[in-house]
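The values are calculated or read from the model by the stated rules, or taken from the named source; none is laboratory data. This is a predicted model, so every value here is computed, not measured. So basically every Cβ, Gly included, is an ideal-geometry build from the backbone, and we count neighbours across all protein chains shown. The accessibility values were calculated without ligands, DNA or RNA, using every heavy atom of the protein model including side chains. Shrake-Rupley method; radii C 1.70, N 1.55, O 1.52, S 1.80 Å.
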Amino acid sequence: MGRGDWSRRRFVAALAGTGAAVAGCGESPGPAASAPTTSATAPSSEARGTAEAAAPSASPTPTGPRPLHLGTYTSVEGGGTGIGFATYDPATGEVTVGRPLTGVGDPSYLAAHPDGRTLYAVNEREQGAVTAVRLSDRAVLGSRSTGGGAPCHVSVHPDGRWLLSANYGSGSVAVHPIDASGAIGERADLVTHSTPEPGPGQDGPHAHQIVTSPDGGHVLAVDLGTDTVYTYRLDERTGKLTEVARAHTRPGAGPRHLTFHPEGRYAYLANEVDNTVAVCAYDTKTGRLTVGAAQSTGTGPGTSYPAQLLVTPNGSYAYLANRGHNSLTRYAVEADGSRLRLLDTVPVSGDFPRQIAFSPDGALLFAANQRSSTVSVFRVDEDSGELRLAGKPFASPVAVCALPL
């Protein structure tokens, strides 16, 4: 991986592609997409189900301070010194920043083990790695090579036995075992996205995310460089990945992040390069994803570098972080998850919202603003989906990830 790829991961410069377009994409006609609107009418139907790890299940608001972990870059000017540790009030959203854990280099993305005892971080460097931290005493349990460059995403398989990571710089995905203590074992598999050819303006594959489907049957990897979402089966005994399907966006879309609807039959794809989103139908039996028509982000012409989508636990609303526009787009989720209807955009009160996350009860939304070195906290109205800023954003050096637990 060249230095240019690594720099691009940190500070997005000029990308290939033009403004938001509305032409269809995918291997076959996808699910319906409604025309954008600025109406704030509630969705016509609400879908219920079991949410994936990234979309928390609704639960009563907890009392007392809750942990909040913060990712940063440690090797850039003004960056952090390691993983940030903080607490937040689940009722008010007020954050109290604590002492960071130093000695973990460039922990730009974080994920927690399902049992809540171990935190995992990517080390987004030219020689990429993943690191495990025991949360009870902040002990670093060790690091393992991801076998590629600039790993930018990490997730834990629902069974808690496998760690999945995506290497942006080398366009590959890695699997590591997790032992009973939460420590990471030697890499079990590494798959490089060698085909199809890179999309317009891309110099190679760029794996940006790897996530398990809500039913646990498949692992999906989103590659910005090849305009493709790859579906794999994970051998839960050996950790080996076997490709079973591919879904292609239109050339030059630059898919970045995929988020499932709680019921698991639809997913939503944020396309970084052409400034669009798409509804995707998902076949739980085959793992095949069908990408629907490109839709507006509500941010106007040109690209706004869409970063990440979230779906509320009740499946009624979706939110998109727009880095260039410094906003969050709100969509109504309709027709049992098969349609997104654009409602409005809300200022994020920060610069370059790189990542967003819900609190476990879904009542708060955290936005990590990379260029302003802040994290904004919003209250989420369960009925209307409206976002209201919960106080002044708090300072966090080069904030690129916020993980509330």
May I ask you to say which residue of 249, 231, 238 is among the hydroxyl-bearing types (Ser, Thr, Tyr) and closer than 30 Å to residue 141 by Cα? 238
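Condition check: of a type outside the set (Asp, Glu), within 18 Å of residue 75 (Cα to Cα) and touching a helix residue (DSSP H, G or I) at 6+ places or on another chain (Cβ under 8 Å). Does residue 109 satisfy that? Break it down into steps so the answer makes sense when it comes.
Values: of a type outside the set (Asp, Glu): yes; within 18 Å of residue 75 (Cα to Cα): yes; touching a helix residue (DSSP H, G or I) at 6+ places or on another chain (Cβ under 8 Å): no.
Taking the combined requirement at face value, the residue does not satisfy it.
Within region 345-362, track down each residue that is aliphatic (A, V, I, L, M) and open to solvent by less than 20 Å² (accessible area, probe 1.4 Å).
As a first pass, look at region 345-362 and keep what is aliphatic (A, V, I, L, M): 346, 348, 356-357.
Residues satisfying the conditions are 348, 356, 357.
Filter the strands (runs of 3 or more DSSP E) completely within region 312-405 down to those with at least 2 residues that are modelled with pLDDT of 95 or more and closer than 22 Å to residue 109 by Cα.
317-322, 327-334, 353-358, 364-369, 374-380, 401-404
Listed here are the residues, each with its yes/no results for (1) more than 25 Å from residue 211 (Cβ to Cβ); (2) open to solvent by less than 20 Å² (accessible area, probe 1.4 Å).
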position: 66; (1), (2): no, no
position: 76; (1), (2): yes, no
position: 84; (1), (2): no, yes
position: 96; (1), (2): yes, no
position: 105; (1), (2): no, yes
position: 113; (1), (2): no, no
Can you confirm whether region 337-344 contains a residue that is free of Cβ contacts under 8 Å to residues at least 60 places away in the same chain and open to solvent by less than 10 Å² (accessible area, probe 1.4 Å)? no
Per-region count, region 85-130, residues outside any loop (DSSP other than H, G, I, E, B), without any contact (Cβ under 8 Å) to a residue 40 or more places away in the chain and within 17 Å of residue 165 (Cα to Cα): 2
Considering region 128-150 alone, what residues qualify as being closer than 16 Å to residue 83 by Cα and within 21 Å of the chain's Cα centre (by Cα)? 129, 130, 131, 132, 133
Qualifying positions in region 149-170 - among the aliphatic types (A, V, I, L, M), surrounded by 24 or more Cβ atoms within 10 Å (Cβ to Cβ) and under 16 Å from residue 119 (Cβ atoms): 154, 163, 164
Pairs, please: C-beta under 7 Å, at least 6 apart or cross-chain, first residue modelled with pLDDT under 95 and in region 215-226, second open to solvent by less than 10 Å² (accessible area, probe 1.4 Å)? 215/264; 217/287
Residue match in region 160-175 (condition: in a loop (DSSP other than H, G, I, E, B), out of contact with any Asp or Glu (no Cβ under 8 Å at 6 or more places or on another chain) and of a type in the set (A, V, I, L, M, F, W, C)): no
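Condition first: on the phi > 0 side of the Ramachandran plot and open to solvent by less than 10 Å² (accessible area, probe 1.4 Å). Now tell me which residues in region 293-336 satisfy that.
Start the filter on region 293-336 by keeping residues that are on the phi > 0 side of the Ramachandran plot, which leaves 298, 300, 302, 305, 315, 326, 335-336.
Matches in region 293-336: 315 only.
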